[in-house]
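The values are calculated or read from the model by the stated rules, or taken from the named source; none is laboratory data. Only a predicted model underlies this, so the values are computations on that prediction, with no experimental measurement involved. Positions of Cβ are backbone-derived with ideal geometry, glycine not excepted, and every protein chain shown enters the neighbour counts.
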Amino acid sequence: MSSALALNFSFAVYLGSVLSYGAGYLTRRKFLKWTGFFCILAALAAQSAYLGWRWSQGNYAPMSNMYESLTLMAWLISLIYTLFLYKSLNQTFTFLGIGFWVSMLCLILLGAASLHDRSIQSLVPALQSNWLVFHVAVIMTGYAALALSFLVGGIYIVCCRDKKESEKAAAFDGFMERTTVLGFLFLTVGIMLGSVWANSAWGSYWSWDPKETWSLITWFFYAVALHLRKTKNWKHEKFAWLTLAGFALVLFTYFGVNYWLSGLHSYA
Amino acid sequence: MKAAEVVKDEKTLASGRLSVNSPFQYGGYTFYQSGYDPRDPDFSSLQVSKDPGVPFVYAGFIILPFGLYLSFYRKTSANGTARKEDINA
């Protein structure tokens with residue numbers, strides 16, 4: 001089928017990207033890193049085609065179960081990374097190397113997605129609403145931005161911890177801040193959209209089900225992290241650790257709640 | 001899809017149909033189908049709610065993103081000095 005082909009193609013291209021980046025690190029050749037980045041662009045295009053196809057086939061936004069949300073997540077992470085590179089053209093080469101980890105993460109996400117059921121099924125009644133697109137797409141965008149802040153936070157701790165004054169450290173610190181702020185904004189709006197949807201579908205805007213509670217905990221964590229950054233000057237390494245801890249909460253809200261706790265959000 | 005009737009003093013005041021994601025409203029009250037059992041079509045859980053506070057919550061939802069935008073993306077901080085990150089960005 002053409003659909004699986006587009007997804008397998010993007011998987012292969014992400015793999016090519018990782019290999020090209022890896023070769024670029026070993027041989028210190030810039031063009032190999034650029035090849036790796038263009039692989040990400042190609043994978044992004046293939047995934048866009050796949051998502052469009054799936055949307056038209058299933059006649060619903062492809063974000064209703066684990067398989068769909070994982071593939072969407074990989075797409076969003078590449079997309080936001082590409083947009084960030086575009087928005088910081090003067091620092092492009094500093095951020096180019098992040099692409100290795102972006103591809104790696106997308107490979108993991110697509111690999112994890114392949115373990116789940118990929119058949120197109122009819123939506124459960126609770127999800128048959130246009131709110132699905134707004135709520136889920138916005139939240140996923142937030143998670144994708146926070147995933148990027150996590151990647152850069154990790155890179156910062158490994159590479160820049162002892163070189164706080166370097167230009168690279170400043171650039172990565174700025175990248176962490178911008179992705180965290182973006183993720184926090186999308187998380188805020190996404191939670192509110194979910195709340196409005198809940199009020200229109202279930203009659204109450206907040207029901208304290210596990211997903212809601214954990215998303216609130218995650219939201220508070222990032223709110224505190226950004227406040228510490230602004231008022232207590234928790235930048236660079238301290239903030240990098242905060243992005244790592246925050247992403248652990250994101251992972252628990254995203255996956256942990258689905259597997260270990262049941263509630264209103266347990267679909268699949 | 002469930003049929004619902006609002007009955008007061010043995011008189012039917014309103015009737016309508018409701019399903020998950022499309023509630024039925026009458027007299028300030030909203031009737032929701034909050035759950036169902038896929039194995040038993042005769043089972044359905046309903047919820048009736050009246051929450052006059054919702055407009056305030058929604059007002060907060062509109063104001064909050066503006067506040068976040070102002071605090072994160074405006075070019076100067078509260079005391080009027082430009083933030084270093086904003087100049088670099």
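Within the stretch A:51-71, residues that are free of Cβ contacts under 8 Å to residues at least 60 places away in the same chain sit with their Cβ atoms under 6 Å from residues that are assigned to a helix (DSSP H, G or I) and of a type in the set (Ser, Thr, Tyr), at 6+ positions apart or across chains, in these pairs: A:53/A:3. Taking the criterion of being within 11 Å of chain B (Cβ to nearest Cβ), free of Cβ contacts under 8 Å to residues at least 24 places away in the same chain and part of a loop (DSSP other than H, G, I, E, B), the residues of the stretch A:192-229 that qualify are A:203, A:204, A:205, A:206. Can you tell me which residue is nearest to the chain's Cα centre (by Cα) among those in the stretch A:219-256 that are buried (at least 19 other Cβ atoms within 10 Å of the Cβ) and small (Gly, Ala, Ser)? Applying the filter and picking the extreme gives A:246.
Looking only at the stretch A:230-241, count how many residues are without any contact (Cβ under 8 Å) to a residue 24 or more places away in the chain, in a helix (DSSP H, G or I) and more than 9 Å from every other protein chain (Cβ to nearest Cβ).
The initial filter retains those residues of the stretch A:230-241 that are without any contact (Cβ under 8 Å) to a residue 24 or more places away in the chain, namely A:230-234, A:238.
Narrowing the set further to residues that are in a helix (DSSP H, G or I) leaves A:230-231, A:238.
Of the ones still in play, those that are also more than 9 Å from every other protein chain (Cβ to nearest Cβ) are A:231, A:238.
Looking only at that region, the number is 2.
Answer with yes or no whether residue B:8 is at pLDDT below 75, over 22 Å from residue A:181 (Cα atoms), out of contact with any Phe, Trp or Tyr (no Cβ under 7 Å at 6 or more places or on another chain) and surrounded by 10 or more Cβ atoms within 10 Å (Cβ to Cβ). For residue B:8, the condition - at pLDDT below 75, over 22 Å from residue A:181 (Cα atoms), out of contact with any Phe, Trp or Tyr (no Cβ under 7 Å at 6 or more places or on another chain) and surrounded by 10 or more Cβ atoms within 10 Å (Cβ to Cβ) - is not met.
Restricting attention to the stretch A:156-185, which residues are touching a residue at least 24 places away in the same chain (Cβ under 8 Å), more than 14 Å from chain B (Cβ to nearest Cβ) and surrounded by fewer than 20 Cβ atoms within 10 Å (Cβ to Cβ)? Result: A:157, A:161, A:164. Selection of strands (runs of 3 or more DSSP E) fully inside the stretch B:17-69 by the criterion of at least 3 residues being over 30 Å from residue A:227 (Cα atoms) and within 9 Å of chain A (Cβ to nearest Cβ) returns B:29-37, B:40-49.
Just to check your reading of the model, which residue among A:189, A:152 is away from chain B (no Cβ under 14 Å), of a type outside the set (S, T, N, Q) and part of a helix (DSSP H, G or I)?
A:152
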